[in-house]
Amino acid sequence: MKIIVNGYGRMGKETEKECLNRGYEVAVAESKEQLFHIGDADGVIDFSVPESLGGLLDYCLQKSLPLVIATTSHTEKQKEEIVSKEHDYVNLD
């Protein structure tokens, strides 16, 4: 299984380490440009910044990739964007 870790701060690094410990292949994206050039994957775990949400949602929908949004501090408008996209989601608020 190949997991994309989007955002490579403290939590992104910890997530990469845990995924590798579990035997998953990991690709790290530190920018939107890197994310768009990674290629095939089985899912995305996002620890980036709220401002990158739009491109990330569109990318995952286009590729039919499951997405875990672990980024915090989204605005109400961004939360509405998450909910309005045509995909299955779980709201943990």
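The values are calculated or read from the model by the stated rules, or taken from the named source; none is laboratory data. It should be emphasised that the depicted structure is a prediction, and the values quoted were computed from it without experimental measurement. Here Cβ is always computed from backbone atoms with ideal geometry, including for glycine, and neighbour counts include all displayed protein chains. Please note that ligands, DNA and RNA were not included when accessible areas were found on the heavy atoms of the full protein model with its side chains. Shrake-Rupley method; radii C 1.70, N 1.55, O 1.52, S 1.80 Å.
Results, tabulated for the structure shown:
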read-out: Rounded to the nearest 20 debye, dipole of the chain from Cβ charges on Lys, Arg, Asp, Glu; value: 220
read-out: Value of [θ]222 nm, deg cm²/dmol, for the chain, DSSP H segments ≥ 4, -39500 (n - 2.57) each, nearest 500; value: -11500 deg cm²/dmol
read-out: Burial order of peptide ranges 1-7, 61-67 (average beta-carbon count within 10 Å, highest first); value: 1-7, 61-67
read-out: Nearest 10 degrees, 0 to 90: helix 53-63 Cα axis against the chain principal axis; value: 70
read-out: Where labels lie 7 Å past Cα in the beta-carbon direction, separation of Lys63 and Arg10 in nm; value: 2.7
read-out: Given (1) 35, 26, 25; (2) 42, 29, 29; (3) 59, 24, 14, the label whose value is Cα extents along the principal axes in Å derived from this model; value: (1)
read-out: Residue-span extension gain [Glu18 to Ser31] - 0.36 nm each, minus C-alpha spacing; value: 2.6 nm
read-out: The chain: relative contact order in percent, alpha carbon pairs under 8 Å with at least 6 residues between; value: 28
read-out: Within the accessible area of the chain (1.4 Å probe), percent carbon and sulfur; value: 48
